[in-house]
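K.L.:
One structure, as structure tokens, below. Some questions next.
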Amino acid sequence: MDDADFPADGFYVLVTGANSGLGLGIGCRLIDEFLHTRPQSQTLVLISTTRDTRKGAATTAAFRKYLKDACRKAERSIPGFTMLLQRRVQFREEILDLTSLLSVQRLATKLKRELPHLDVLICNAGIGGWTGVNWPHAIWTVLTDTVHTTTWPEFKISGVGWVTKPQLPKDSKGNQPPEPPLGEVFCANLFGHYVLGHALMPLLSAAATEGSGRIIWMSSIEAPACDFNADDFQGLKSSNAYESSKRITDMLGMTAEMPSTAPWTSTYFSTTSTPEKHAEAGHEKSSKPRIYITHPGICATGIFPLPWILALGMTAAFWLARWLGSPWHPITAYKGATAPVWVALAEQGMLDAMERREGRGKWGSATDRWGNERVERTEVEGWGWGGKVGEFSKRKGRWRHATDLTAERRAEFEELGRLAWTEMERLRGGWEGRLEGLEGLE
Ligand SMILES: NC(=O)c1ccc[n+]([C@@H]2O[C@H](COP(=O)([O-])OP(=O)(O)OC[C@H]3O[C@@H](n4cnc5c(N)ncnc54)[C@H](OP(=O)(O)O)[C@@H]3O)[C@@H](O)[C@H]2O)c1
């Protein structure tokens, strides 16, 4: 579709890793909830990113089919509705490899040239970096401690020391310029998105609706404090690089609005350039985007690659956990998408009021035993549910090893948040400097 076809006042949402699992679930749920909750005059522009054109085309085809089916259902109750609904959602696909900072920067440059603004960036794509399973431990714990083990499994075996391919292109003599290592899991889950978020800041700052753009991070319920080591920030020596990347995500998100992190967040949120498109579209206002942390609970996706028979067994164990009372087993990607989609579409005033009342939170997708989905605040170690000492803590679905928040732990968490912002900004500055001037970048 030609750019000219995209409305200047549309609601633009970009979802990374949209071709499978939760990315697909987020797209479908976004279509449903947008059509049901937003005024008829508003158009959703759903931008999906995938790693190649084949996956991009298949993703758009899947979303188009989903929209068509949704319209067909609506048509049964209100004849003639299809025409109206179908016009309210437009699709666009882009290529993005988060482990290539050049790919990240090229996409941002292209989008800044072509989009009027971006309302929501959903940082969904990610990898586990796991290489196998400790089967005897897995079988024993799933059979004897189902709910806990299927929520916080301790049997996954992770790759250690994985780094990305070289970021810088070879020089004219075919030599590879020297560069520091970049952790692959760290970059796919966190750093690539972080760099993308900053590069898209001019578009997010010009968000048309709701007052400010939003960056929604997909964290995990599995992000314990013990898996983060400040001396191994990228998790290169860790056997829990995935959990480490999610722990940093939580630390960045919970502390993003604090005065103590302001020296770093102010540079991160700064807009270095303003695209001409903003002026053309009449968006002169500019407001600081907001960061939100969400997680999907536990869903049966391909993030942990298993042969189909074992994947079936895993899904059965998830159902059992839900039936035994776990709130954290949405199981399907559509239900797992509840929290990120809710945050994407919620009114800014409501989100602000909730944060003022109960503090900044991590929003999780949860269900009851029958699979009715809801959004639920989730505990973050060292932060609690809202960063408030003395919060009510007898909540369902709490991690077995969780302890109540104390003032000391709260202070430690804030210090860790400061450290995380400092290091992320240092890394971003370093890599942007190395990439400066390369072809295709502004
Ligand atoms: N499933 C769960 O229970 C669960 C629980 C907690 C958190 N999460 C989080 O939810 C998010 C989505 O996971 P999922 O379960 O939906 O897994 P998934 O089905 O494996 O989907 C991951 C997506 O990320 C994309 N991706 C991977 N590496 C990438 C890269 N370097 N550049 C760009 N895209 C890349 C994948 O693209 P390809 O198809 O090209 O590989 C795929 O589209 C992740 O952040 C994960 O940590 C999932």
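The values are calculated or read from the model by the stated rules, or taken from the named source; none is laboratory data. As the structure is a computational prediction, the values presented were derived from the model and not from experiment. Reconstructed Cβ throughout: ideal geometry from the backbone, glycine too, with neighbour counts over all protein chains shown. Keep in mind that these areas ignore ligands, DNA and RNA; they rest on the heavy atoms of the full protein, side chains included. Shrake-Rupley method; radii C 1.70, N 1.55, O 1.52, S 1.80 Å.
K.L.:
Relative contact order, percent, of the stretch 129-193 when contacts are C-alpha pairs under 8 Å separated by at least 6 residues?
P.N.:
30
K.L.:
Counting Lys and Arg as +1 and Asp and Glu as -1, each charge on the Cβ, what is the dipole of the stretch 75-213 about the Cα centre in debye, to the nearest 20?
P.N.:
Once rounded to the nearest 20, the dipole reads 480 debye.
K.L.:
What number, in percent, do you get for the relative contact order of the stretch 6-435 if the mean sequence gap of Cα pairs under 8 Å and at least 6 apart is divided by its residue count?
P.N.:
17
K.L.:
Suppose every K and R has +1 on its Cβ and every D and E has -1 on its Cβ; what is the size of the dipole of the stretch 6-435 about the Cα centre, in Debye to the nearest 20?
P.N.:
So the magnitude is around 1100 debye.
K.L.:
Using the Karplus curve 6.51 cos²θ - 1.76 cosθ + 1.60 with θ = phi - 60°, work out ³J(HN,Hα) for each residue of the stretch 410-427 in order, rounded to whole Hz, and write x for Gly and Pro.
P.N.:
Residue by residue, the stretch 410-427 yields 4, 5, 4, 5, 4, 5, 5, x, 5, 5, 5, 4, 4, 5, 5, 5, 5, 5 Hz.
K.L.:
Take the stretch 357-411, compute every pairwise Cα distance, and split them into 5 Å bins from 0; I just need the percent in each bin.
P.N.:
Taking all Cα pairs of the stretch 357-411, the binned fractions are 4, 20, 27, 25, 13, 7, 3, 1 percent.
K.L.:
I'd like to know which of HIS117, PRO181, HIS137 lies farthest towards the positive end of the charge dipole of the chain, counting +1 on Cβ of Lys and Arg and -1 on Cβ of Asp and Glu.
P.N.:
The residue sitting farthest along the positive end of the dipole is HIS137.
K.L.:
Could you give me the ³J(HN,Hα) list for the stretch 48-59, computed from phi with Karplus coefficients 6.51, -1.76, 1.60 and θ = phi - 60°, whole Hz, x at Gly and Pro?
P.N.:
9, 10, 9, 8, 8, 5, 4, 5, x, 5, 5, 5
K.L.:
Could you tell me the distance between the Cα centroids of the stretch 210-252 and the stretch 387-404, to the nearest Å?
P.N.:
Answer, in whole Å: 20.
K.L.:
Over the heavy atoms of ASP250, what accessible area does a 1.4 Å probe trace out, to the nearest 10 Å²?
P.N.:
The accessible area of ASP250 comes to roughly 0 Å².
K.L.:
Excluding ligands and nucleic acids, what accessible area in Å² is computed for PHE233 using a 1.4 Å probe, to the nearest 10?
P.N.:
Spelled out: PHE233, probe radius 1.4 Å, area about 10 Å².
K.L.:
Taking Rh as the Kirkwood radius computed over C-alpha pairs, what is the Stokes-Einstein D of the chain at 4 °C in a medium of viscosity 1.567 mPa s, expressed in µm² per second?
P.N.:
This corresponds to a translational diffusion coefficient of 58 µm²/s.
K.L.:
Scaled to the compact-protein estimate 2.2 N^0.38 Å, what is the alpha-carbon radius of gyration of the stretch 1-137, rounded to two decimal places?
P.N.:
It is 1.18.
K.L.:
Output ³J(HN,Hα) for the stretch 187-197: one whole-Hz value per residue in order, computed from phi by the Karplus curve 6.51 cos²θ - 1.76 cosθ + 1.60 with θ = phi - 60°, and x for Gly and Pro.
P.N.:
Calculated HN-Hα couplings, in order: 6, 5, 7, 10, 5, x, 5, 4, 5, 4, x Hz.
K.L.:
Also: Antiparallel DSSP bridges in the chain: what percent, to the nearest 5?
P.N.:
30
K.L.:
Taking the Cα centre of the chain as the origin and placing charges on Cβ (Lys, Arg +1; Asp, Glu -1), which of PHE63, PRO153, TYR12 is farthest toward the positive end of the dipole?
P.N.:
It is PHE63.
K.L.:
With unit charges on the beta carbon (Lys/Arg positive, Asp/Glu negative), name the residue among ILE127, PRO305, PHE191 whose Cα is farthest towards the positive pole of the charge dipole of the stretch 6-435.
P.N.:
Selected residue: PRO305.
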